[in-house]
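A short write-up of the structure that comes next.
The values are calculated or read from the model by the stated rules, or taken from the named source; none is laboratory data. In this text the structure is predicted, and so the values were computed from the model without any measurement. A quick note on method: Cβ atoms are made from the backbone with ideal geometry, for glycine too, and the neighbour counts reach across all protein chains shown. Surface areas here come from the heavy atoms of the whole protein model, side chains and all, with no ligands, DNA or RNA. Shrake-Rupley method; radii C 1.70, N 1.55, O 1.52, S 1.80 Å.
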Amino acid sequence: MYELYLQREEERDAEVTWEDQQRINQFSRLNVRLENLEDEYKGQKTEKEYLDDLATEIELIDEEELVPYKIGDAFIMLSLEQAQARVERDKAAIDSHVDELDSQISGITTEMDELKRALYAKFGQAINLEKS
């Protein structure tokens with residue numbers, strides 16, 4: 001019991017050095033970056049679902065009909081083949097971007113875990129690095 005009390009006293013009395021503050025700041029920056037990447041990842045996944053739905057809908061259209069395809073804020077009329085090719089190209093671009101985001105998220109998570117270990121080793125329960 002006395003050891004637990006001493007350990008808690010040491011955690012409260014742990015001095016924050018310049019290096020510790022740099023680690024805390026780096027963790028905070030990485031956390032913000034991670035949240036932004038996760039939001040972008042979710043958005044790209046949603047966009048991919050929309051394109052999958054669009055590909056299914058395009059298959060039901062007659063070959064002679066022109067297909068309105070949204071580019072930016074405008075719609076252009078494309079032939080069925082052009083629309084299908086564009087959908088496939090857009091899906092491939094999103095898949096590539098999602099893979100890149102996944103890689104970045106993984107790298108940031110690894111770096112954050114290392115910082116967490118170092119900071120919790122020094123400060124124990126006196127610091128909270130978990131998402132709320």
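Taking the residues in the stretch 69-82 that are within 31 Å of the chain's Cα centre (by Cα) and open to solvent by less than 90 Å² (accessible area, probe 1.4 Å) as candidates, determine which candidate is farthest from residue 94 (Cα to Cα). Top of the filtered list is 74. Do we find that residue 86 is crowded, with 16+ Cβ neighbours inside 10 Å and out of contact with any helix residue (DSSP H, G or I) (no Cβ under 9 Å at 6 or more places or on another chain) in this structure? When the stated conditions are applied, residue 86 passes them. Within the stretch 113-132, the set of residues being open to solvent by less than 50 Å² (accessible area, probe 1.4 Å) and closer than 15 Å to residue 26 by Cα comprises 115, 116, 118, 119, 127, 129.
Picking from residues in the stretch 10-20 that are open to solvent by 50 Å² or more (accessible area, probe 1.4 Å) and part of a helix (DSSP H, G or I), the one that is modelled with the lowest pLDDT is 10. Of everything in the stretch 40-86 that is of a type in the set (Gly, Ala, Ser) and modelled with pLDDT of 90 or more, the residue that is nearest to residue 98 (Cα to Cα) is 43.
Within the stretch 110-132, being within 15 Å of residue 35 (Cα to Cα) and of a type in the set (Lys, Arg) holds for one residue alone: 131. Of all residues being under 28 Å from the mean Cα position of the chain (by Cα) and over 30 Å from residue 132 (Cβ atoms) in the stretch 49-68, which is most open to solvent (accessible area, probe 1.4 Å)? Just the residue, please. This residue is 50. Checking the stated criteria, residue 101 turns out to be surrounded by 12 or more Cβ atoms within 10 Å (Cβ to Cβ), in contact (Cβ under 8 Å) with a residue 40 or more places away in the chain and either outside any loop (DSSP other than H, G, I, E, B) or on the phi > 0 side of the Ramachandran plot (or both). The set of residues in the stretch 35-48 that are open to solvent by less than 90 Å² (accessible area, probe 1.4 Å), among the acidic types (Asp, Glu) and over 22 Å from residue 71 (Cα atoms) comprises 35, 38.
Just so you know, in the stretch 21-34 the residues that are in contact (Cβ under 8 Å) with a residue 24 or more places away in the chain and not hydrophobic (A, V, I, L, M, F, W, C) include one that is most open to solvent (accessible area, probe 1.4 Å), and it is 33.
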